[in-house]
Amino acid sequence: MVLAIETWELTKRFNRVTVVDGLNLAVPEGSVFGLVGPNGAGKTTTIKMLLGLLQPTRGSAWVLGHEAKDAVARHRIGYVPDTQKMYPWFRVEEIFFLCSGFYQNWDWGRVKHLQSKFNLPVERRIRNLSQGTTTLVALTIALSIRPRLLILDEPTTGLDPIKRRQFFQLVLEEVAGEGTTVFLSTHHLGDLERLADQIALLDKGRLVFCQDMDDLKRSFRRIQTVFPGGLPAELSRLPGVLKVERAEHVCSLIVNRDADRILARVREFNPAFVEVQDLSLDEIFYYAVGGEHRV
Ligand SMILES: Nc1ncnc2c1ncn2[C@@H]1O[C@H](COP(=O)(O)OP(=O)(O)OP(=O)(O)O)[C@@H](O)[C@H]1O
């Protein structure tokens with residue numbers, strides 16, 4: 001398997017505070033990889049190290065076969081940050097012209113296609129654009145270099161739902177048509193659920209899990225039960241039970257592995273009712289980050 005991104009014990013400290021802590025990631029080429037985590041988890045810091053914009057305190061990152069600190073791979077990486085920094089007095093078409101000089105693979109055909117698709121006002125100045133339109137200008141630039149790797153850091157901030165859908169549709173077309181690898185950090189987990197092949201969850205700089213989306217959704221389950229005499233204490237202590245929630249007479253076991261084994265054990269206690277439910281990515285995120293606090 002060819003990897004677009006590989007990190008070994010990637011670590012960053014700011015003023016003795018560790019914000020990314022021994023991160024090991026392997027992102028297959030041509031995949032859509034989602035990086036999620038609470039505010040301040042270290043996602044942007046990780047992305048900046050992948051781009052060579054920050055040097056790791058320890059460990060290393062390899063991107064498209066080169067160490068991230070080498071500039072070699074950068075002309076094949078499209079990057080859309082969460083906040084756009086463009087010369088505000090430039091017109092959109094001037095920004096495109098400026099960027100075209102920096103990249104060997106700049107594709108004017110692609111620029112034209114995207115500017116009409118997004119309805120970009122090419123003669124307007126950046127300072128007069130809405131936040132969403134500025135983001136679309138950044139995406140147009142990122143795709144017009146024909147990237148092998150597209151790194152998107154919370155890219156849809158400020159986009160309305162239609163533009164957001166268009167944005168991700170385009171990203172998917174990009175992956176399907178060009179084999180581009182997409183590394184996406186977002187708080188919109190519903191979008192990620194539809195798009196990502198793999199998900200990594202960071203919390204306080206540490207990797208909580210890194211899994212295929214399908215495996216992840218198979219391992220996290222809610223087992224709803226009703227026991228007339230209350231939940232047998234043993235069940236809440238089974239390995240794999242992350243959390244127990246109670247609502248009236250219904251007791252839910254949130255499990256993060258071995259759902260079938262736990263379900264079989266539940267049945268041995270003859271519940272009046274038992275049902276297994278899938279969890280959304282939003283719920284998985286919630287329980288994985290806060291799940292250590294059992295109720
Ligand atoms: N240059 C810096 N100097 C000192 N601390 C920093 C610096 N950059 C980031 N941090 C700190 O590192 C931690 C991780 O920040 P980071 O921006 O990587 O988080 P994030 O997961 O992207 O958060 P969010 O979801 O809110 O964007 C935060 O506590 C932040 O304050």
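Every read-out reported here was derived from the displayed coordinates using simple, explicitly stated rules and does not represent laboratory data. Predicted model only: the values in this text are computed from it and were never measured. All Cβ positions, glycine included, derive from the backbone under ideal geometry; neighbour counts span all protein chains shown.
Tell me, what is the Rg over Rh of the chain, with Rh the Kirkwood radius over Cα pairs? Write down the numbers at each step before the final one.
Numbers: Rg = 22.3 Å, Rh = 21.0 Å.
The Rg/Rh ratio comes out at 1.06.
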Given the peptides 163-171, 45-53, arrange them by the average over their residues of other C-beta atoms within 10 Å, most packed first.
45-53, 163-171
Note the per residue figure in Å³ for the convex hull of the C-alpha positions in segment 221-278.
68
Residues whose built amide H sits under 5 Å from the amide H of Val20, excluding neighbours closer than 5 in sequence, are Lys12
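At a 10 angstrom cut-off on C-beta neighbours, averaged per residue, how do the peptides 80-93, 23-36 rank from highest to lowest? Provide the component values of the computation, followed by the final result.
Working: 80-93: 15.7, 23-36: 21.0.
Highest mean packing first, the order is 23-36, 80-93.
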Residue by residue through segment 232-241, what is 3J(HN,Hα) from phi via Karplus (6.51 cos²θ - 1.76 cosθ + 1.60, θ = phi - 60°)? Round to whole Hz and write x for glycine and proline.
x, 4, 4, 5, 6, 9, 5, x, x, 8
Taking only the alpha-carbon positions of segment 1-50 as identical scatterers, the Debye log10 I(q)/I(0) at q = 0.16, 0.25 Å⁻¹ comes out as -0.48, -1.02
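Restricting to DSSP loop positions (anything but H, G, I, E, B) with no more than 11 other Cβ atoms inside 10 Å of their own Cβ, which GluC sites (Glu not before Pro) remain in segment 254-294?
Working: sites: Glu268, Glu275, Glu283, Glu292; in loops: Glu292.
Within segment 254-294, the qualifying GluC sites (Glu not before Pro) (loop, at most 11 other Cβ atoms within 10 Å) are Glu292.
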Computed FRET efficiency, Cβ-Cβ of Ser130 and Asn39, R0 25 Å: what is it to the nearest 0.05?
0.55
Hey, which of these cross-link pairs are over 24 Å Cα-Cα: Lys48/Lys204; Lys43/Lys217; Lys48/Lys217; Lys112/Lys163; Lys48/Lys163; Lys43/Lys69?
Lys48/Lys217; Lys48/Lys163
Given only helices, namely DSSP H runs of n ≥ 4 each adding -39500 (n - 2.57), what is the per-residue ellipticity at 222 nm of the chain, to the nearest 500 deg cm²/dmol?
-9500 deg cm²/dmol
Given a Förster distance of 51 angstrom, what is the FRET efficiency for Arg257 paired with Ser116, based on the Cβ-Cβ distance and rounded to 0.05?
0.60
Once fully extended, how much extra length lies between Asp278 and Thr18, figured as 0.36 nm per residue of separation less the alpha-carbon to alpha-carbon distance?
90.1 nm
Under a point spin-label approximation (7 Å from Cα along Cα-to-Cβ), what is the Arg267-Leu98 distance to one decimal in nm?
6.5
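Can you order the peptides 96-104, 110-118 by their average number of other Cβ atoms within 10 Å per residue, highest first? Don't jump to the answer; show the numbers that get you there.
Details: 96-104: 14.0, 110-118: 16.2.
The densest-packed peptide leads the list: 110-118, 96-104.
Which value, in debye to the nearest 20, describes the size of the charge dipole of the chain about its Cα centre when Lys and Arg Cβ atoms bear +1, Asp and Glu Cβ atoms bear -1, and nothing else is charged?
Details: 37 positive and 35 negative charges, 161 e Å.
Once rounded to the nearest 20, the dipole reads 780 debye.
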Restricting to bridges with both residues inside segment 3-215, how much of the DSSP beta-bridge set is antiparallel, in percent to the nearest 5?
55
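Starting from the eigenvalues of the Cα gyration tensor, five times each then square-rooted, give me the equivalent ellipsoid semi-axes of segment 25-169, largest first, whole Å. All intermediate terms of the calculation are to be shown ahead of the outcome.
On the way: eigenvalues 135, 63, 43 Å².
Largest first, segment 25-169 gives 26, 18, 15 Å.
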